[in-house]
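Okay, structure first, notes after.
The values are calculated or read from the model by the stated rules, or taken from the named source; none is laboratory data. Because the structure is a prediction, the values reported are computed rather than measured. Positions of Cβ are backbone-derived with ideal geometry, glycine not excepted, and every protein chain shown enters the neighbour counts.
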Amino acid sequence: MPMYLRKTLHSLSLLLGVTFISFLLMVYFGPDRSYAIAGKNPDTAQLEEIRQQLGYDQAFLSRYFTHIKDLASLNLGQSESNGKPVSQLLAETIPVSLLVLLPGFLVGNLLALLLAMVAAWYRHSWPDRLLTNLSLAGVSISFLIIIILLSTWLCTPQGLNLFPSRGWRVDSLASWFTYATVPSLALIIVTVFFNLRFYRALLLDEMQQDYIRTARAYGAGPFSIMFKEALPNTLIPFLTRLLFSLPAILVSGSLLLESYFGIPGVGKVSFDAIFNADQPVLNAIVSLSAILVIVIAWLADFIYPYLDPRINLQAESP
Amino acid sequence: MEPIVSIRNLSISYPGDGARSAVKHINLDILPGQAVGLVGESGCGKTTLALALMGMLPPGCDHRGKIIIAGQKVDFYQRPGQASARDHCAMIFQNPQTSLNPVISVGTQISRIILRYSRLKKSAIPDRLAELLVLVGLSDHCRKLYPHELSGGMQQRVLLAMALAREASILIADEPTAALDAGTRLQILNLLKQLQEQQKLSLLLISHDLSAIARVCQQVAIVYQGRVVEQAPQKLIYTQPRHPYSAGLLAAIPKIHPQRPRKLQTLLGEANHSSGQTGCDFASRCPRREAYCEQQLPPLNATLEKSQQFACFNPRPLSAVRK
Amino acid sequence: MTASLKPAKPSSRFKLPTLGTLIFIGFIGILLALAAYPLPEWQTISPDRFAGISLEHPLGTNALGQDIASRAETASWHSLRIGLIVALCAGFLGVSLGLLSGWYAGRWPDTIILWLTGVMEAIPFYLFVAALAYALRQFSWSMELAMVITFWTTMARLIRAEVIRLKQRDFILSARAIGLSPSRTLTAHILPNALPVLLVQLSMIFIAAIKAEVILSFLGLGNNSSISWGQMISESTHEVISGHYMNFFSASILLFMLIYSISLITDSLQTRSDPRQGVA
């Protein structure tokens, strides 16, 4: 079996797994929605009818297949708290989350990479020690604390009071700066602390390879050694970390940032859904983000051969 | 003739190694266009010497003495990318497989060096690349290949092309054939010799393999534990080694003589790395050891005709022609 | 050609306590001092709102007049307990599954465990916890359970890789050749050699669990029967605006001391087992 076929089959099996777990948690053992729909004091016949409409009377497997079919056709039901279709809710909130999170996420990762290059270049001397010790202390500070300190400093009368402490009315670049600067700063700080040591270890590993010695012997300067020789060899782990932390940042990171700053993105929606036990919304977000992780991983496998010629997807796997 | 490389009284020790030095009081000259061989067992300081020549010693090394290349003193801790004495040197390494960047095509790797060192216009680089590939005996389609798609011998040819691209007058080859199989080894050695003569390069060939050195070099220096113990033209070393260590190395080369099977000789014991000894480093393994060998360090003496130097109190007599 | 390899610095057997152990000792010292000090119960509400630092309330009181020192102490034990329980349970699960899948690498038990790892890693953690907490709402350990279910995967991957690496070593091959059973080989020969990796990962889980608990209880998803640092920080977000910092600082400084000291200790452990990775 060629490698790409094997990888695709593996991804498909993972998809079955995550949809099964989301089905078990959210649908099968999830809340019984018939009472909520039936209203107050329903009789048994009414309840039975609603349960039939919801498909509660069907067999386990056929309910699971309905669940997969609904996900595949993005037929995600309606939110129980405000009656909007879930797909519409997501279409409205995902762009907001991307606007809040993506710039900070990318800037933070690039900054971490650059600082990691500095640390790896000056390994074991003071810039390296300073950066690695700072980032170790940095990852020990909870994301929460960073958000609170930053917003108290920048958004309250106690501090500089430069930005609004909550809210989201973005329609232009200037308004984006008003509302997204503080959340982005918090995200940049956390991303740098979180990634710096990992990227440093990657680069340090490459710096000890023989081909770097060759490059040095042939007169390559610091810039050329880092960007043209070492960096191309770290692209795969770098990209992997970037891609795999993206869904986590989008969902889990936005949960905290958006609920703290009152930004109407995916995080805020899932936060509200958790508290209102809004099963269709929660189910959609959990299932779709898990599917997103698997799809990203699957796509990444097809990018890797372009980054490292030694990887061959056509090869027969053992 | 003025030597292009002269190493004067060079000693280098690694941090944390105490008093033990990797290289001890080495003096060595390379004349323009001359091929010099440096022979010794692993750990004797050969690579350290090569790294010092390239100004690439690992940080924190303790060093004394100096190296002068084309009248310019070598800075042992050369910052990468700085113009310096080492621009006269190109170096090829022991493991061609790991010495090339695995994710960059070999054509690009060679072109980068052409761009850096020749005064060619960008448009002229592909032609120069083609020229270099021919010189090292690679076909033109190789430029698009990646290192893992080449055999060990081809990889070493790529490294040689990189060395030529550097347009240096001195080539340092550190065990260039150690990682290759026997057939390829001969091809690479012949190529090395051919390029050295053709391009009028000065060559420092570092190897543990005396037969490789014999094929390429005119002058040979034998190193034991960081010290040159014997230095002579290639012919003299092979016909009448004076130092017992040189003789031992020669006797350890297998020879095929079906009529007269010869028992392969080995050097007894292990290199003694303890510091603080005063006598000859080789004394503990030496078949010609005398009591005073362990008391005092033998200086490097010249013979009457001055072409052969050796550091031994009790050298093999001249009449002892190799059997 | 070993000359180009730089020998490692000789490490002396006796060392001064590192910064990490000092901070950890400080943290435990503060907890013990608070435990020895006569403090009111953490729930006790008093009319003494936003009291300053006094003998009666060493760290003042909060908006309900509750003693902050007492709450901080209870919250610290709470966090330590969660960290330990989750690290031990998730660690045990991860090690067992990792050993199993490494030993049977390439065969069906391995395939199933790898599949399970892939599935668990794809599900976003905080939402999973929230969903599980809802599905098991009558069960008070749902948060710990959700963490154990999600945190074992990295441990399993690391142990699997260690087993595969060690399985080919001569001493394991000879142990198998003399007929040692797989379970005996794994526990007596492979596990001790995987110990550095195991310990580092255990403390990573410990840290992750404590950090996650703080964020979950800040969001109101935690266990409401006890007080936690997350709840204290959550209370403090309204107080800092009016200039009351004691809740915020006592919770966040204790949290930082614990996480930072464990991180430092872990880092030195990691540096010892793999000198290239750590801080110089």
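Overview of results
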quantity: For C:Ser261: the one exception among (1) modelled with pLDDT of 90 or more; (2) more than 11 Å from chain A (Cβ to nearest Cβ); calculated: (2)
quantity: Residue ranges of helices (runs of 4 or more DSSP H) in region A:216-306 with at least 1 members over 23 Å from C:Trp115 (Cβ atoms) and among the charged types (D, E, K, R); calculated: A:254-261, A:266-275
quantity: Looking only at region B:144-162, and only at residues there that are crowded, with 19+ Cβ neighbours inside 10 Å and aliphatic (A, V, I, L, M), the one that is nearest to A:Arg310 (Cα to Cα); calculated: B:Leu150
quantity: Scan of region C:108-126 for residues that are of a type in the set (Val, Ile, Thr), part of a helix (DSSP H, G or I) and under 29 Å from C:Glu213 (Cβ atoms), ordered by number; calculated: C:Ile113, C:Thr117, C:Val119
quantity: Qualifying residue in region C:66-75 (condition: more than 24 Å from A:Ser142 (Cα to Cα) and touching a residue at least 12 places away in the same chain (Cβ under 8 Å)); calculated: yes
quantity: Subset tally (residues that are of a type in the set (A, V, I, L, M) and not in a helix (DSSP H, G or I)) for region B:139-154; calculated: 2
quantity: Residue satisfying all of: in region C:114-127; at the interface with another protein chain (Cβ under 7 Å from one of its Cβ atoms) and at pLDDT below 90; nearest to C:Ala161 (Cα to Cα) among these; calculated: C:Ala122
quantity: Tally, over region C:211-233, of residues that are facing another protein chain (nearest Cβ under 9 Å) and more than 24 Å from A:Leu160 (Cβ to Cβ); calculated: 9
quantity: Enumeration of residues in region C:223-271 that are within 15 Å of C:Leu80 (Cα to Cα), of a type outside the set (A, V, I, L, M, F, W, C) and in contact (Cβ under 8 Å) with a residue 60 or more places away in the chain; calculated: C:Asn223, C:Ser226, C:Ser228, C:Tyr260, C:Ser261, C:Ser263
quantity: Residues that are among the charged types (D, E, K, R) and in contact with a helix residue (DSSP H, G or I) (Cβ under 6 Å, 6 or more places away or on another chain), drawn from region C:48-70; calculated: none
quantity: Residue check, A:Ala290 touching a residue at least 12 places away in the same chain (Cβ under 8 Å) and either facing chain C (nearest Cβ under 8 Å) or surrounded by fewer than 22 Cβ atoms within 10 Å (Cβ to Cβ) (or both); calculated: yes
quantity: In region A:202-212, the residues that are in a helix (DSSP H, G or I) and at the interface with another protein chain (Cβ under 7 Å from one of its Cβ atoms); calculated: A:Leu204, A:Asp205, A:Asp210, A:Tyr211
quantity: Any hit, region A:293-300, residues being buried (at least 19 other Cβ atoms within 10 Å of the Cβ), within 13 Å of chain C (Cβ to nearest Cβ) and under 27 Å from A:Ala180 (Cβ atoms); calculated: yes
quantity: Top-ranked residue of region C:53-94 - restricted to ones that are among the β-branched types (Val, Ile, Thr) and surrounded by fewer than 22 Cβ atoms within 10 Å (Cβ to Cβ), ranked as nearest to C:Leu32 (Cα to Cα); calculated: C:Thr74
quantity: Subset tally (residues that are crowded, with 22+ Cβ neighbours inside 10 Å and touching a residue at least 60 places away in the same chain (Cβ under 8 Å)) for region A:257-277; calculated: 11
quantity: Hey, B:Pro80 assigned to a loop (DSSP other than H, G, I, E, B), surrounded by fewer than 23 Cβ atoms within 10 Å (Cβ to Cβ) and either more than 10 Å from chain A (Cβ to nearest Cβ) or touching a Phe, Trp or Tyr at 6+ places or on another chain (Cβ under 8 Å) (or both) or not; calculated: no
quantity: Qualifying residue in region C:208-231 (condition: touching a helix residue (DSSP H, G or I) at 6+ places or on another chain (Cβ under 7 Å), more than 30 Å from C:Ala63 (Cβ to Cβ) and in a helix (DSSP H, G or I)); calculated: yes
quantity: Residue in region B:83-103 that is farthest from B:Arg157 (Cα to Cα), counting only those that are among the hydroxyl-bearing types (Ser, Thr, Tyr) and facing chain A (nearest Cβ under 7 Å); calculated: B:Thr98
quantity: Residue identified as over 23 Å from the mean Cα position of the chain (by Cα) and touching a residue at least 40 places away in the same chain (Cβ under 8 Å) among A:Leu203, A:Leu173, A:Leu154; calculated: A:Leu203
quantity: Count of region C:128-150 residues which are within 14 Å of another protein chain (Cβ to nearest Cβ) and either surrounded by 22 or more Cβ atoms within 10 Å (Cβ to Cβ) or part of a helix (DSSP H, G or I) (or both); calculated: 15
quantity: Residue match in region A:215-222 (condition: among the charged types (D, E, K, R), buried (at least 20 other Cβ atoms within 10 Å of the Cβ) and over 16 Å from the mean Cα position of the chain (by Cα)); calculated: yes
quantity: Verdict on B:Ser202 being surrounded by fewer than 24 Cβ atoms within 10 Å (Cβ to Cβ), polar (S, T, N, Q) and more than 14 Å from chain A (Cβ to nearest Cβ); calculated: no
quantity: Index of the failed condition, B:Gly60 passing every other in (1) in a loop (DSSP other than H, G, I, E, B); (2) away from every other protein chain (no Cβ under 14 Å); (3) in contact with a Pro (Cβ under 6 Å, 6 or more places away or on another chain); calculated: (2)
quantity: Whichever residue in region B:104-138 is in a loop (DSSP other than H, G, I, E, B) and of a type in the set (S, T, N, Q) and, among such residues, is nearest to the other protein chains (Cβ to nearest Cβ); calculated: B:Ser105
quantity: Given (1) farther than 30 Å from B:Met91 by Cβ; (2) within 14 Å of chain B (Cβ to nearest Cβ); (3) buried (at least 16 other Cβ atoms within 10 Å of the Cβ), index of the condition A:Leu187 fails; calculated: (2)
quantity: Inter-residue pairs, beta-carbon under 7 Å, first more than 7 Å from every other protein chain (Cβ to nearest Cβ) and in region A:119-137, second part of a helix (DSSP H, G or I) and of a type in the set (Asp, Glu), 6+ apart; calculated: A:Ala119/A:Asp128; A:Tyr122/A:Asp128
quantity: Unique match (being hydrophobic (A, V, I, L, M, F, W, C) and free of Cβ contacts under 8 Å to residues at least 60 places away in the same chain) among C:Trp103, C:Trp108; calculated: C:Trp108
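Conditions (1) among the acidic types (Asp, Glu); (2) assigned to a helix (DSSP H, G or I), marked per residue:
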{"position": "A:Arg123", "(1), (2)": "no, no"}
{"position": "A:Ile148", "(1), (2)": "no, yes"}
{"position": "A:Thr152", "(1), (2)": "no, yes"}
{"position": "A:Phe163", "(1), (2)": "no, no"}
{"position": "A:Asp171", "(1), (2)": "yes, no"}
